[in-house]
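Report on the structure given below.
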Amino acid sequence: MTPATPVRLSNLSTQSFNTNAGSPIKGKHILLGLSGGVACYKSAELCRSLIKQGATVQVVMTTGACQFITPVTMQALSGNTVYLDQWDTRIHNNMAHIELSRRADAILIAPCSTDFIAKLAQGHCDDLLSTLCTARPATTPLLIAPAMNVEMWQKPATQRNVVQLRADGCQLFGPAQGDQACGETGMGRMLEPEQIIAELNCVFSPQSLAGKRVLITAGPTFEPIDPVRGITNLSSGKMGYAIAQAAFEAGAAVTLISGPTALPTPYGCTRTDVQTALQMHKAVFDQISGQDIFIAVAAVADWRVENTSAQKLKKNHEGDTPDLHFTPNPDILAEVAARPAPPYCVGFAAESENLIAYGTEKRLKKNVPLLVGNIGHATFGQDLNELVLFDAQGYSSLPLADKTSLARQLIVAIAVRQTT
Ligand code: C5P
């Protein structure tokens, strides 16, 4: 079969690329509300991140928020007039609550203070931000990122208000557990800007994997020779981690089994760290039951050293080299695909040449419905990639893009195939 898009494998390292090309937030108009709290300092970064993702941002601040960060800063970062007051005469019909809420694709309150949560739960309208939240159309999502001291978060009154807000359809992003600005520790930290962006991506993503469980392997494996040496490869884990994040955005419950990488855990995903192929094999089979989809992105070492040394191997002065014996590692993907009722299995092939021939052959050999090919040595560690999808119908390409964007496209391609 001829591919819909011609397969063209570019020189990845020489290209620059728009990294928000596939962002679900791109083109959305976000009303970013700030209520009073020290976490307002994170709202500046959040505003920048939203704009980097291609959103437009309208900031509205409460009087309390202005104690923590100035409207000037938020205006400079958002590139838009900041509104503070219901009676602002710059709104042509002087109905700021209607005008601003009608333009928004979503209202995001970050930080959302204890008092603002109480106001929202009660439907108060005593300032511009609370009034526009109440005036918003029923279809406009109201999203809040609570930020407060642990005691304030745990108070029965706050918890009652949170239950009420959820029942009213408001979505909570966080809060997180950890050190607080006041010096105490516990629940109540506002999520970090990138975590709020991940949550927002879910809101605007098609929930193509809603209710699905997805298990993903990512990164390299490390096969020891002795206590200080080993064999590994150049996989950075970026592609697998991006796929995990995209699957979460698409509504899946995601478990990531990762070889050694320097990457942070994708927001919302559960992660198990392993080092060797045997450990990865065990972790996969410990968690495979009940999974709907298995995506094997990891660059698993084909062989491990059989005669590992308990002590560091010493150099000898005659220049002898160590006598290492290799033994094959289990093929995790092929074993999962061979189970009696396997999950929908997706494999990866990192090739250095003949991608089309090797990809076609590898899909059949591993007996998986979908195999994703890329030029391994060109993409390892890079932010860009291009993929070729091999299935029973033939092959087609996902052209050069950043890995986040490709991961989202791949998740759509998997969701369509998995349900047909
Ligand atoms: O055989 P090859 O390593 O080229 O196959 C690559 C695909 O198989 C990837 O999806 C990889 O994660 C998976 N694999 C595996 N276990 C191995 C080797 C590869 O799951 N031992």
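The values are calculated or read from the model by the stated rules, or taken from the named source; none is laboratory data. Not measured: the values here are computed from a predicted model. Ideal geometry is used to build each Cβ from the backbone, glycine not excepted, and the neighbour counts take in all protein chains shown. SASA here: full protein model, heavy atoms, side chains in, ligands and nucleic acids out. Shrake-Rupley method; radii C 1.70, N 1.55, O 1.52, S 1.80 Å.
For Glu223, the accessible area of its heavy atoms, probed at 1.4 Å with every protein chain present, is near 0 square angstrom.
For segment 191-199, putting each phi into the Karplus relation 6.51 cos²θ - 1.76 cosθ + 1.60 with θ = phi - 60° gives couplings of 4, 6, x, 5, 6, 5, 4, 4, 5 Hz, in residue order, rounded to whole numbers and with x for Gly and Pro.
Using Cα pairs under 8 angstrom and six or more residues apart, how large is the relative contact order of segment 29-204, in percent? Mind showing how you got there, number by number?
On the way: 353 pairs, mean separation 39.6, N = 176.
This gives 22 percent for segment 29-204.
The label point for Glu335 and the one for Gln311, both projected 7 Å from the Cα toward the Cβ, are 3.3 nm apart. In order along segment 60-77, phi translates into HN-Hα couplings of 10, 10, 7, 4, x, 4, 5, 6, 10, 8, 8, x, 4, 4, 5, 5, 4, 6 Hz, rounded to whole numbers, per the Karplus curve 6.51 cos²θ - 1.76 cosθ + 1.60 with θ = phi - 60° and x for Gly and Pro. Quarter the surface of the alpha carbon convex hull of segment 245-347 and you get the mean projected area, 8.6 square nanometres. Under a 5 Å amide H cut-off, with hydrogens placed 1.01 Å from N, Val59 pairs with Leu32, Tyr83 among residues at least 5 apart or on other chains.
The distance separating the Cα centre of segment 49-76 from that of segment 97-117 comes to 12 Å. Within segment 29-204, antiparallel bridges make up roughly 20 percent of the DSSP beta bridges whose residues both belong there.
Positive contributions from Lys and Arg (+1) and negative ones from Asp and Glu (-1), summed over other residues with Cβ under 15 Å from the Cβ of Asp292, come out at +4.
Based on a Kirkwood Rh over C-alpha pairs, give the Stokes-Einstein translational diffusion coefficient of segment 109-162 at 37 °C and viscosity 0.692 mPa s in µm²/s.
On the way: Rh = 11.6 Å.
Diffusion coefficient, whole number: 284 µm²/s.
Find the relative contact order for segment 364-420 and round it to a whole percent, using C-alpha pairs within less than 8 Å whose residues are 6+ positions apart.
Values: 56 pairs, mean separation 14.6, N = 57.
Relative contact order, segment 364-420: 26 percent.
Over its Cα atoms, what ratio of radius of gyration to 2.2 N^0.38 Å does segment 85-133 give? This ratio for segment 85-133 stands at 1.17. Between Ile231 and Asp179, the contour length at 0.36 nm per residue exceeds the alpha carbon distance by 14.9 nm. For the chain, averaging the sequence separation of C-alpha pairs within contact (under 8 Å, six or more residues apart) and dividing by the residue count gives a relative contact order of 15 percent.
If you roll a 1.4 Å probe over segment 186-325 with all protein chains in place, what percent of the accessible area is carbon or sulfur? Don't jump to the answer; show the numbers that get you there.
Working: 3390 of 6450 Å².
Within segment 186-325, the accessible surface is 53 percent carbon and sulfur.
With a Förster radius of 51 Å applied to the C-beta separation of Asp383 and Cys125, the computed FRET efficiency comes to 0.65.
Would you calculate a helix-derived [θ] at 222 nm for the chain, using -39,500 (n - 2.57) for each DSSP H run of n ≥ 4 and dividing by the full residue count, to the nearest 500?
On the way: 14 runs with 137 residues, N = 420.
Calculated at 222 nm, the ellipticity per residue is -9500 deg cm²/dmol.
A 1.4 Å probe over all protein chains sorts Lys119, Lys238, Lys315 by accessible area into Lys315, Lys238, Lys119, starting with the largest. Here the Karplus relation 6.51 cos²θ - 1.76 cosθ + 1.60, evaluated at θ = phi - 60°, turns the backbone of segment 138-143 into coupling constants of 4, 8, 8, x, 10, 10 Hz, with x for every Gly and Pro.
Reported value for the chain: 197 Å³ per residue, from the convex hull of its C-alpha atoms. Amide H contacts of Ile225: Gly230, Ile231, each under 5 Å away and 5 or more positions distant or on a separate chain (H built 1.01 Å from N in the peptide plane; Pro and chain starts excluded). As a rough guide to protection, the peptides 48-54, 297-303 ranked by mean Cβ packing within 10 Å, highest first, stand as 297-303, 48-54.
Please give the Cα centre distance for segment 183-215 versus segment 345-420, rounded to the nearest Å. Between the Cα centres of segment 183-215 and segment 345-420 lies a distance of 27 Å. Length, then width, then depth: along the principal axes, the Cα atoms of segment 305-366 run 52, 31, 13 Å.
So with the 1.4 Å probe, I'd like the accessible area per residue for segment 280-420, rounded to whole Å². For segment 280-420, the per-residue accessible area is 50 Å². Shape summary: segment 29-204 maps onto an equivalent ellipsoid whose semi-axes, from the alpha-carbon gyration tensor, are 23, 18, 16 Å in decreasing order.
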